[in-house]
Each structure stands twice: as C-alpha cells, then as structure tokens.
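Undergrad: Supplied in structure tokens, the structure appears directly below.
The values are calculated or read from the model by the stated rules, or taken from the named source; none is laboratory data. All of these numbers come straight from a predicted model, not from anything done at the bench. In this analysis, Cβ positions are derived from the backbone assuming ideal geometry, glycine residues included, and neighbour counts consider all displayed protein chains. To get the accessible areas, we keep the full protein, side chains included, count just its heavy atoms, and leave off ligands, DNA and RNA. Shrake-Rupley method; radii C 1.70, N 1.55, O 1.52, S 1.80 Å.
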Amino acid sequence: EAAAAEVKEAGAAAVMTRDTDVSDRAAVDALREAVYARFAHVDALMCNAGIQPGSDVFDSTDTWARVLGVNLWGIVNCCQSFIPAMLDDGRPGLVINTGSKQGITTPPGDPAYNVSKSGVKTFTEALQHDLRETDAAISAHLLVPGFVFTDLNRRGRSEKPDGAWTPEQTAAFMFERL
C-alpha cells in the first residue's frame, strides 16, 4: 500500500497491487490474468522478488527449496507466464530480471542464494538469446546490482554501510543504463 501510494504520488495514472507467491506458477498465472484484465497489455516486466534467509551447503531444512522457489523459480514462472502474452500483443517491450553479483562471484557463506542468482543470470542470458533469435520486439536484461542496503540484508544494522547503494541509487543506475 505504501509503495502504491508513492507511485501514485510520482504521477502514475493507475496502480495495481497484489500479493503473489511467485514460487507458485498458478498464483503467477492469476496475477497475469488480473494485470491483463486491468491494463490490457504489459510493456515492461520486472522480476525482482527475492529472499535471503541464509543457508549452508548441508542445510536440511527447506531453506534451499524456499530460496530457489522465490529467487529462481519466481523469475522463471513470471517470464514463462507473462512473456508469451507480451509476444502475442506484438508491442515492443522489455523484461528486467534482478540478479546479484553473488551469482557471479559466489562468495562463501550463503550457497543457496548464490546458486539461485547464478541461475537467474543463466536463465536471463538464455531468454535474451531466444528472444533475439525469434526477432521478438521484446528484450531481456539482467540487473546485477552490487551491495544494495535493504531490509533483505539489513540484519540489525540501522546505518547504510560505506560502499552500499540505496534502492533509489540502484533504480537510477538501472534507468540510466536502459
């Protein structure tokens, strides 16, 4: 609700919010149907959901399944659900999937997150290749921010660490590069 209010305040003509478990393909399909019912088409799809509860290689809880379900399958589900409809619209568009430098550098300490973001990188590269080969008017992009200070990684800190970006800086960088 706060995000919707902020977007409206920034001048958006229409805003829609909906809680969606992106790891659940049926929930994503229901979201797509609701979006198309409200707006008739989608020109930009940003897949940005993510969790980072911490993990280790031998974690026997469902942490790995939850992290991969949201961080990787969430992106796959959203792309597989929305992009065919976007292609059917025949309009130019773009897809932005949020990765992480941890999916490239794979530092020790959180292997489930690293694997999920490495998969996002690989999936997005494959998606872009596929879209290019079919002469689609839609392009796919991978956003790989560095350390962005958010609630995802706050872990009790109240001050932004040196070198970390704010979400606003990350968004400005993304729009500048697009």
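Undergrad: Can you tell me the accessible area per residue over the range 51-98, all protein chains present, probe 1.4 angstrom, in square angstrom?
TA: Numbers: 2260 Å² over 48 residues.
I get 47 Å² per residue for this part.
Undergrad: Something else about it: Work out the length of the dipole vector of the chain about its Cα centre, built from +1 on the beta-carbon of each Lys and Arg and -1 on the beta-carbon of each Asp and Glu, and round it to the nearest 20 debye. Provide the component values of the computation, followed by the final result.
TA: Numbers: 16 positive and 24 negative charges, 52 e Å.
Result for the chain is approximately 240 debye, rounded to the nearest 20.
Undergrad: Taking a cut-off of 17 Å between Cα atoms, list the lysines near K101, but don't count ones fewer than 8 places away on the same chain.
TA: By straight Cα distance, K101 reaches K117, K121.
Undergrad: Moving on to the next point. Given +1 on the Cβ of Lys and Arg, -1 on the Cβ of Asp and Glu, and no further charges, what dipole in debye does the range 1-101 carry about its Cα centre, rounded to the nearest 20? Show your work: numbers first, answer last.
TA: On the way: 8 positive and 14 negative charges, 49 e Å.
The calculated dipole for the range 1-101 is roughly 240 debye.
Undergrad: On a C-alpha basis, how far is the centre of the range 116-154 from the centre of the range 7-76 in Å? Whole number, if you could?
TA: Here the answer is 14 Å between Cα centres.
Undergrad: Taking H placed 1.01 Å from N in the peptide plane, check which residues at least 5 places from G93 or on another chain put their amide H under 5 Å from its amide H.
TA: Those qualifying (amide H under 5 Å, at least 5 residues apart or on another chain) are I138, S139.
Undergrad: Pop the C-beta distance of T61 and T106 into the FRET formula with R0 = 22 Å and round what comes out to the nearest 0.05. Spell out each step's value before the answer.
TA: Working: r = 21 Å, r/R0 = 0.97.
Given R0 = 22 Å and the Cβ-Cβ separation, E is 0.55.
Undergrad: Suppose each label sits 7 Å from its Cα in the direction of the beta carbon; what would the M16-Q80 distance come out to in nanometres?
TA: Label at M16, label at Q80, 2.2 nm between them.
Undergrad: Give me the one-decimal nm value for the distance between modelled label points at L178 and N48, 7 Å along each residue's Cα-to-Cβ direction.
TA: Going from the L178 label point to the N48 one covers 0.9 nm.
Undergrad: Which aspartates and glutamates, on any chain, are close to K160 with Cα under 14 Å apart, when same-chain ones fewer than 8 places away are left out?
TA: D151, E168
Undergrad: Once fully extended, how much extra length lies between D24 and F39, figured as 0.36 nm per residue of separation less the alpha-carbon to alpha-carbon distance? It would help to have the intermediate numbers written out before the result.
TA: Details: separation 15, 0.36 × 15 = 5.40 nm, distance 2.25 nm.
Full extension from D24 to F39 adds 3.2 nm.
Undergrad: Quickly rank 66-72, 6-12, 91-97, 30-36 as a protection proxy: mean count of other C-beta atoms within 10 Å, highest first. Display every interim value, and only then the final one.
TA: Numbers: 66-72: 20.9, 6-12: 9.7, 91-97: 18.3, 30-36: 16.0.
Going from most to least packed, we get 66-72, 91-97, 30-36, 6-12.
Undergrad: Tell me the carbon and sulfur percent of the accessible area for the chain, rounded to whole percent, probe radius 1.4 Å.
TA: Answer for the chain is 54 percent, counting heavy atoms of protein chains only.
Undergrad: Output wanted: per-residue J couplings in Hz (rounded whole) for the range 86-91, from phi through Karplus 6.51 cos²θ - 1.76 cosθ + 1.60, θ = phi - 60°, x for Gly and Pro.
TA: Values per residue, Gly and Pro as x: 5, 5, 4, 5, x, 9 Hz.
Undergrad: Taking Cα Rg over 2.2 N^0.38 Å straight from the coordinates, which label in [x] 1.07; [y] 1.13; [z] 1.31 is the correct one?
TA: After the calculation, the listed value that fits is [x].
Undergrad: Here's another thing I want to ask about it. Which of the three applies to the range 73-130, rounded, prolate or oblate, going by the alpha-carbon gyration tensor with a ≥ b ≥ c and a/c under 1.5 meaning rounded? List each step's numbers first, then the result.
TA: Numbers: a/c = 3.49, a/b = 2.61, b/c = 1.34.
It is prolate, given that a/c is not under 1.5 and a/b is the larger ratio.
Undergrad: Hey, another quick one. Looking at the chain as a GNM with Cα springs under 10 Å, which of M86, M46, M16 has the largest mean-square fluctuation?
TA: M16
Undergrad: Okay, next question. For the chain, what does the helix formula give at 222 nm: sum of -39500 (n - 2.57) over DSSP H segments with n ≥ 4, over the residue count, nearest 500 deg cm²/dmol? Can you show the working numbers first?
TA: Values: 7 runs with 83 residues, N = 178.
Calculated at 222 nm, the ellipticity per residue is -14500 deg cm²/dmol.
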